[in-house]
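S.K.: Can you read through this structure? Questions will come right after.
The values are calculated or read from the model by the stated rules, or taken from the named source; none is laboratory data. The structure presented is a predicted model; accordingly, all values stated were derived computationally and were not measured. Don't worry about glycine lacking a Cβ; one is built from the backbone with ideal geometry, like all the others, and counts go over all protein chains shown. In case anyone asks, the SASA skips ligands and DNA or RNA and just uses the protein heavy atoms, side chains included. Shrake-Rupley method; radii C 1.70, N 1.55, O 1.52, S 1.80 Å.
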Amino acid sequence: MNELQVLPEPARGPQLWWGMVFLVVVLVGMGYAAYRLNVWLDDEQQLPVRDIKVSGELKYLVKQDVENAIRKNQPGSFFELDIERALQDIEALPWVYRASIRKDWPNNLHVHVVEQQVVANWNDDMLLNVQGGTFIARQPEGLALPRLYGPQGSEQTALQGFRAMQALLARSGVSVSELVLTERFAWNLRLDNGLGLNLGRDEFIDRLQRFVDIYPLLKKDERRAEYVDLRYDTGLAVGWQKTTAEISKG
């Protein structure tokens, strides 16, 4: 009768110990690799923002100003750059109306800028854009802008009135060079030919239409009109410039 023999198990002590050592070495290696990778990514000298591409239809904004605004308050690292902060710095530039930023791998930025579209000079110390918003910037040389004046908060009202009156006057070949909206919201104009118009508060578009209707007669007159007062329900009053003889007598 065959007997079943049970063989003794091989000793596992050394193998288990080497296995544990190998596992520890692998874990330490992975941890060190992750640490070095993190240091490498954080090091601005490893992946600096090299190229900042600026796009958009720009007339008065200098692209270098956009790059300077980003680099002034931001670390050089592509990964550490705060998009929201960079966007705030760009939109703080006077001629920037709106902007967007996109990171382009591996170390470039793409900035798209919508420039302010200026339409008028506002109260002699600000500029007015096409949306009716004000911003502070130096008026570009050679750019002739109409001058608009009004109380604080009346920018939208003044701009809407300016546009409506400008469109109406265009039929007569004249334009608004100066518009004043008083504290009582009365309208006064100075045309590009030097003629002043007093429109008052109410129905100023109808009163301006009355001026457009009689303007051909004013041009035919030998005298030169200085101002036209249209603050009447019907009719108007014309102030004439003094002649040289009248000035000398005075």
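S.K.: For segment 164-169, take each phi angle, set θ = phi - 60°, evaluate the Karplus expression 6.51 cos²θ - 1.76 cosθ + 1.60, and give the result in whole Hz per residue in order, putting x for glycine and proline.
M.R.: Listing the rounded values in order: 5, 6, 4, 5, 5, 6 Hz.
S.K.: List the residues whose amide H sits under 5 Å from the amide H of Trp240, counting only those 5 or more places along or on another chain, with H placed 1.01 Å from N in the peptide plane.
M.R.: Glu226
S.K.: Which one, Asn123, Val113, Ile136, is farthest towards the positive end of the dipole of segment 91-138 when Lys and Arg carry +1 and Asp and Glu -1 on their Cβ?
M.R.: Positive-end residue among those listed: Val113.
S.K.: Give, rounded to the nearest 20 debye, the magnitude of the charge dipole that segment 102-192 has about its Cα centre when Lys and Arg contribute +1 at Cβ and Asp and Glu contribute -1 at Cβ. Don't jump to the answer; show the numbers that get you there.
M.R.: Working: 8 positive and 9 negative charges, 48 e Å.
Once rounded to the nearest 20, the dipole reads 240 debye.
S.K.: Counting only other residues whose beta carbon sits under 14 Å from that of His110, what net charge do I get with K and R as +1, D and E as -1? The partial results should precede the final answer.
M.R.: Details: positive: Arg50, Lys53, Lys63, Arg102, Lys103; negative: Asp51, Glu67, Asp104.
Computed value for this residue: +2.
S.K.: Next question. Please report, largest first and rounded to whole Å, the three semi-axes of the ellipsoid equivalent to segment 144-250, where each semi-axis is the square root of five times an eigenvalue of the C-alpha gyration tensor.
M.R.: Values: eigenvalues 124, 48, 39 Å².
Output for segment 144-250: semi-axes of 25, 15, 14 Å.
S.K.: Per the 1.4 Å probe, what fraction of the accessible area of segment 45-185, in percent, lies on carbon and sulfur atoms?
M.R.: Numbers: 3610 of 7770 Å².
That share works out to 46 percent.
S.K.: With +1 on each Lys and Arg Cβ and -1 on each Asp and Glu Cβ, how big is the dipole of segment 154-250 about its Cα centre, in debye rounded to the nearest 20?
M.R.: On the way: 14 positive and 14 negative charges, 52 e Å.
Charge dipole of segment 154-250: 240 debye, to the nearest 20.
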